[in-house]
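Beneath this line is the structure, given in structure tokens, with notes to follow.
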Amino acid sequence: MSDLKTKLYDTHISLGGHMVSFGGYLLPTHFSGINHEHEIVRSKVGLFDVSHMGEFIISGNDALSFLQRVTVNDIELLNVGQAQYSAMCYDDGGIIDDLIVYRQEDHYMMVVNASNREKNIKWLEKNCEGNVHLEDISDDMGLIAVQGPRSREVLQMLTDNNLRSVEFYNFINGKINGYEAIISRTGYTGELGYEIYANTNFLVDLWNSILDAGSEYGIEPVGLGCRDTLRMEMKYPLYGNDIDETTNPIESGLGWITRLGKQDFIGKNAIIKKKKKVERRLVCIEMTEKAIPRSGCQIYIDNELVGKVTSGTMSPSLGKGIGIGYVNTPYTEAGIDIHVDIRGKMKKGVIIKPPFYKKGSLMY
């Protein structure tokens, strides 16, 4: 099956985007360069096309109890206008996907990873009970992310809504440059930022209007390459790398979104059992030697194999190699020295407390 294109495909080509296949879509890895775009998001503001993400509408009288059963977080904590990071698990506690749930007045919107869209909707349909209506609106919903310390100033020029009043993980139904949109204070970078959900027919105009408005703030289009380095510096997991069906929320550092005290949810018993005996944990590794850990590299302590890297890169902000990976307990504490086997050479590193990058503008 050939890759799909977002509505911004031709725009990316015209801007010099280097296109690759990701999650079933053709998307830009970069326009000018990954390190440069990374720095733009950390210091100014970058504009991402993330329209490949999947969106489902969940409505009906039993939507709340349904979502409470299929997600690990507590949906009852959500007020209208709030978003919640969560996950869905199989009965054995394996992660189906990590996701965000938005609560509107009369329905919920679930945003999922593009590569898991079909798997997720099938799982939801299989477990659907009572008065619940599921609708996959992914093809009609576009998503643009405006991320960086100047993101609020740029977007405020295009809306009458007071963006300063939108707190972290909250959203409003507003307008950007006259187009109806969900303006969400969320992101995947560690910086102040917004994600804008709008009908795909508006997407090109929205993109261009944001680029125009942001020109005085140094805005640039940015791609998946820096999205990956930015999220790694924050230890934000990527599905398919750091979390998947073989990992559970406790070992992968998602215990904070897993509400074991709420009523029964799918995977709860298995997760409780895993929590009693955690055999490994997802940790942050900073290289103390000049080296770049990559996914699949093995981790050693005193010549004993204790784990594996799941994501790795040269951190543009820190100027050193960093990695995220699973390490067997009890070797998961910050300060423990390790070695990473990088193409047959043992390179020194140390486990550190997350995140790698601690100077983000996230809570401004």
**Message:** Among the numbered criteria (1) farther than 29 Å from residue 42 by Cα; (2) of a type in the set (D, E, K, R); (3) assigned to a loop (DSSP other than H, G, I, E, B), which one does residue 333 miss?
**Reply:** (1)
**Complete:** Residue hits (the stretch 125-149; among the hydrophobic types (A, V, I, L, M, F, W, C) and surrounded by fewer than 21 Cβ atoms within 10 Å (Cβ to Cβ)) are 128, 132, 134, 137
**Request:** Answer yes if at least one residue in the stretch 184-201 is in contact (Cβ under 8 Å) with a residue 60 or more places away in the chain, of a type in the set (A, V, I, L, M, F, W, C) and surrounded by fewer than 21 Cβ atoms within 10 Å (Cβ to Cβ), and no otherwise.
**Result:** no
**Request:** Could you tell me whether any residue of the stretch 59-67 is modelled with pLDDT of 95 or more, under 23 Å from residue 241 (Cα atoms) and not assigned by TED's automatic domain parsing to the domain that holds residue 226?
**Result:** no
**Request:** Mind checking which strands (runs of 3 or more DSSP E) fall wholly inside the stretch 169-260 and carry at least 1 residues that are closer than 30 Å to residue 285 by Cα and outside the structural domain of residue 84 (by TED's automatic domain parsing)?
**Result:** 193-199
**Message:** Quick check on residue 225: is it in contact (Cβ under 8 Å) with a residue 60 or more places away in the chain and either on the phi > 0 side of the Ramachandran plot or among the aromatic types (Phe, Trp, Tyr) (or both)?
**Reply:** no
**Among residues of the stretch 295-313, those that are under 27 Å from residue 360 (Cα atoms) and either free of Cβ contacts under 8 Å to residues at least 24 places away in the same chain or surrounded by 18 or more Cβ atoms within 10 Å (Cβ to Cβ) (or both), counted** = 5
**Asked** Any idea how many residues of the stretch 332-354 are at negative phi and either without any contact (Cβ under 8 Å) to a residue 12 or more places away in the chain or surrounded by fewer than 18 Cβ atoms within 10 Å (Cβ to Cβ) (or both)?
**Response** 12
**Prompt:** Of the residues 85, 9, 90, 102, which is over 21 Å from residue 186 (Cα atoms), modelled with pLDDT of 95 or more and not assigned by TED's automatic domain parsing to the domain that holds residue 217?
**Reply:** 90
**Prompt:** What residue, of 106, 74, is farther than 12 Å from residue 259 by Cα and in contact (Cβ under 8 Å) with a residue 40 or more places away in the chain?
**Reply:** 106
**Prompt:** Identify, please: which residue in the stretch 110-133 is acidic (Asp, Glu) and more than 21 Å from the chain's Cα centre (by Cα) and is, among those, nearest to residue 60 (Cα to Cα)?
**Reply:** 129
**Residue in the stretch 226-243 that is closer than 13 Å to residue 47 by Cα, of a type outside the set (Gly, Ala, Ser), buried (at least 19 other Cβ atoms within 10 Å of the Cβ) and under 22 Å from the mean Cα position of the chain (by Cα) present** = yes
**Condition check for residue 295: over 24 Å from residue 73 (Cα atoms), of a type outside the set (Phe, Trp, Tyr) and assigned to a strand (DSSP E or B)** = no
**Message:** Among the numbered criteria (1) surrounded by fewer than 23 Cβ atoms within 10 Å (Cβ to Cβ); (2) in contact with a Lys or Arg (Cβ under 8 Å, 6 or more places away or on another chain), which one does residue 109 miss?
**Reply:** (2)
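The values are calculated or read from the model by the stated rules, or taken from the named source; none is laboratory data. From a predicted model like this one, the values you see are computed outputs, not experimental measurements. Counting neighbours? That spans all protein chains shown, and the Cβs are built from the backbone with ideal geometry, glycine included.
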